[in-house]
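In what follows, a structure is listed as structure tokens, so that the remarks can point back to it.
The values are calculated or read from the model by the stated rules, or taken from the named source; none is laboratory data. What you are looking at is a predicted structure, and each value in this text was computed from that prediction instead of being measured. Positions of Cβ are backbone-derived with ideal geometry, glycine not excepted, and every protein chain shown enters the neighbour counts.
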């Protein structure tokens, strides 16, 4: 589900922003969406905790200053602790606060002043947000979603080098272009979520065939060498399948 989360304590402004959201949804024939409205940040936090699921995506439109215990920057910071893929658009009369966006490292899509051309600016920001959403989630089979202790991660298949289960207690380590992620699962369950570019080369390893540089088929020292220089063990039982699967 795609959620548009509006938080604005001025009811007229809230209606105005919602009308722009409805306009762009109609213009681009967006399906499977829901618009939700709030006049305080506390209710946004409760909503996200109770309603937002793993495969949902949010486009937030927040006034940056609302009466209450939190401001928009603090709310966005709390959201980013567990969700770095959703989009955040700030609407404000306090343009001077825009510098704090960089201080908080919030990855905000836009910071729109409540002055002239507000509707056009919101429309343009939403257009970009929808483009990003379509690029990221229109084909969910190209992403693997994993949950670590701290965060939920959506990893593009193309960024995954290999996955290993060397450790005990069902701990998996996923190795990507940018980082290594550890979480609890089994290789069998992970395999069911992957596409045909991934192949198990050993009882402890799944590799991305697109990342293979060399296959050493000497039975005394079986391994694959990935393009990033990583050497992965290959078992004899998986060698034939691996060689038929890969075209070097």
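Out of the residues in region 84-130 that are out of contact with any helix residue (DSSP H, G or I) (no Cβ under 8 Å at 6 or more places or on another chain) and modelled with pLDDT of 85 or more, state the one that is farthest from residue 63 (Cα to Cα). My answer is 128. Only one entry in 83, 56 is touching a residue at least 40 places away in the same chain (Cβ under 8 Å), under 14 Å from residue 4 (Cα atoms) and in contact with a strand residue (DSSP E or B) (Cβ under 9 Å, 6 or more places away or on another chain), namely 56.
Of all residues in region 181-197, those that are in the same structural domain as residue 155 (by TED's automatic domain parsing) have Cβ atoms under 8 Å from Cβ atoms of residues that are surrounded by 12 or more Cβ atoms within 10 Å (Cβ to Cβ) and assigned to a helix (DSSP H, G or I), 6 or more apart or on another chain, in 194/157; 195/142; 195/157; 197/157; 197/209; 197/210. Of all the residues in region 41-57, those that are over 27 Å from residue 144 (Cα atoms) and surrounded by fewer than 17 Cβ atoms within 10 Å (Cβ to Cβ) number 2. The strands (runs of 3 or more DSSP E) located wholly in region 187-248 that include 3 or more residues which are touching a helix residue (DSSP H, G or I) at 6+ places or on another chain (Cβ under 9 Å) occupy 198-202, 205-208. Checked against (1) outside any strand (DSSP E or B); (2) surrounded by fewer than 20 Cβ atoms within 10 Å (Cβ to Cβ), residue 75 meets all criteria but (2).
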